[in-house]
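See structure below.
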Amino acid sequence: MFIIKKENVSPMLMETAQRLHIPVIDEEYEGPLVLDEHSRVLTNSEACLQRLNEWAPQHPFTRISQMVKQKATFRAMLSDLFPDYYYQLVSLQELRSMPKEILPFPLVIKPNKGYSSVGVKLVQDHSEWDRSVAELYGELTLSKGVYSESVVDQDEIIIEKWIDGEEYAVDCYFDHEGKPVILNILKRMFASSTDTSDRMYYTSTSIVAEVFHEVEEFLHKLSGMLEVSHYPFHLELRRSEAGMMAIELNPLRFAGAGTTDISTHAYGINGAEAYMLNERPDWSEILTRSDDRLYGFCCIELPVDIVKQDLHSFDHEALKERFTDILEYRNVESSDDQMLSVVFFRTSSMEEVHDLLHIELNPYITEKKVGVPS
């Protein structure tokens, strides 16, 4: 079954549900829900996890999802693989009073439970600590009116060692035997050394081929730890000198806000369908295709200092002119999210990817005038 948040739903996901006759449950559904050990569940939003906890608190999906959603618990689970990796769980108050001299920089500080890049801060050294903690506190204060405590933790903060290396995102699932099935591998691009936004992800046959076996090897290790079947998730990894290291795991969903659909545009892989039908993409065939263009998605989000309630308009048509080949442009109508649109695109030019990453959005934004009704 699909458990969905209506404001965030992908049209491809709904078409798949209709075509395959998959039950769709709204997160606001108040009735009972029965899951057995063979159930397949896919959500499209972090918010749905709280409802799953209410409906089926003892189900393996619920137990494992609650465990990996909390970043510190996930880190503890991976400690056998990465015994020397530093992390520490503290309260927000403890973070604000912590002596920075004892910390092994560079570090990342972020909510223990989080969504997107809300409150994620890379701190290079002691000189950046106070400013970064203040920025995190400010973002969490602003996010209180946007995300619930079940989505973004307002109190518990994880401090962890910065993992140097290229970042990848993987949509995948464990099949009926607990074996990993890779549905897509994307590379994440950042605008600067301190950028933590979700603006740009892209894939190509070359990118997948380069890291496929390393990713698959890590997933086999993870499967042995979780011991679960029929389980979909989105995994973020960094490729360091020590090999593939996990950053975080987003349970029971693929890439958020429908961005997982880039695999359909790039490779003809419908992730939700593959998961529900226990299908395994034929990567040996896909990777021999002559098309090595870049397929990506660009997440257009309001700056953190502007909330959607203060937005008068956004010029989507003008923004579209910045792309040479738009595969799909989706407006995001959610009232409790900073996302404005998701743009699926194709290009043969890395220069275009860099340009899109650095788009300044303020020229496309018109805020409401104070005292003037919308």
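The values are calculated or read from the model by the stated rules, or taken from the named source; none is laboratory data. Quick caveat, the model's predicted, so the values are computed rather than measured. Please note: Cβ atoms are built from the backbone with ideal geometry, for glycine as well, and neighbour counts cover all protein chains shown.
Conditions tested, residue by residue: (1) farther than 13 Å from residue 366 by Cβ; (2) at pLDDT below 85; (3) under 23 Å from the mean Cα position of the chain (by Cα).
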site	(1), (2), (3)
311	no, no, no
322	yes, no, no
329	yes, no, yes
333	yes, yes, yes
> When both residues are 6+ apart or on different chains and their Cβ atoms are under 6 Å apart, which pairs have a first residue that lies in region 197-208 and is outside the structural domain of residue 139 (by TED's automatic domain parsing) and in contact (Cβ under 8 Å) with a residue 60 or more places away in the chain, and a second that is crowded, with 20+ Cβ neighbours inside 10 Å and part of a helix (DSSP H, G or I)?
Replying inline: 203/266
> Here is a list of conditions, (1) touching a residue at least 40 places away in the same chain (Cβ under 8 Å); (2) outside any strand (DSSP E or B); (3) farther than 29 Å from residue 280 by Cα, and residue 159 meets all of them except one; can you say which number that is?
Replying inline: (2)
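Which one of 284, 290 is part of a helix (DSSP H, G or I) and outside the structural domain of residue 142 (by TED's automatic domain parsing)? Can you show your working first?
On the way: 290 fails: part of a helix (DSSP H, G or I).
284 is the lone residue from the list that is part of a helix (DSSP H, G or I) and outside the structural domain of residue 142 (by TED's automatic domain parsing).
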> Failed condition for residue 140, given (1) modelled with pLDDT of 90 or more; (2) outside any loop (DSSP other than H, G, I, E, B), with all others met?
Replying inline: (1)
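So which residues in region 221-260 are hydroxyl-bearing (Ser, Thr, Tyr) and outside any helix (DSSP H, G or I)? If you could, list the steps in order and put the result at the bottom.
Filtering region 221-260 down to residues hydroxyl-bearing (Ser, Thr, Tyr) leaves 223, 229, 231, 240, 259-260.
Once the filter is applied, which keeps residues that are hydroxyl-bearing (Ser, Thr, Tyr) and outside any helix (DSSP H, G or I), region 221-260 yields 229, 231, 240.
Kindly evaluate residue 289 against the criterion of being at pLDDT 95 or above and of a type in the set (Lys, Arg). Lay out the reasoning, then the answer.
Details: at pLDDT 95 or above: no; of a type in the set (Lys, Arg): yes.
For residue 289, the condition - at pLDDT 95 or above and of a type in the set (Lys, Arg) - is not met.
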>> I'd like the full set of residues that are of a type outside the set (Phe, Trp, Tyr), more than 16 Å from residue 64 (Cβ to Cβ) and over 10 Å from the mean Cα position of the chain (by Cα), limited to region 249-267.
In response: 258, 261, 262, 263, 264, 265, 266
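Among the candidates 318, 274, which residue alone is in a helix (DSSP H, G or I), touching a Leu at 6+ places or on another chain (Cβ under 7 Å), among the hydrophobic types (A, V, I, L, M, F, W, C) and modelled with pLDDT of 95 or more? Even if it seems obvious, please write down each step before you answer.
On the way: 318 fails: touching a Leu at 6+ places or on another chain (Cβ under 7 Å).
Only one candidate qualifies: 274.
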> If we scan region 175-192, do we find a residue that is aliphatic (A, V, I, L, M), at pLDDT 95 or above, touching a Phe, Trp or Tyr at 6+ places or on another chain (Cβ under 9 Å) and over 30 Å from residue 302 (Cα atoms)?
Replying inline: yes
> In region 342-367, how many residues are surrounded by fewer than 18 Cβ atoms within 10 Å (Cβ to Cβ), part of a strand (DSSP E or B) and among the hydroxyl-bearing types (Ser, Thr, Tyr)?
Replying inline: 1
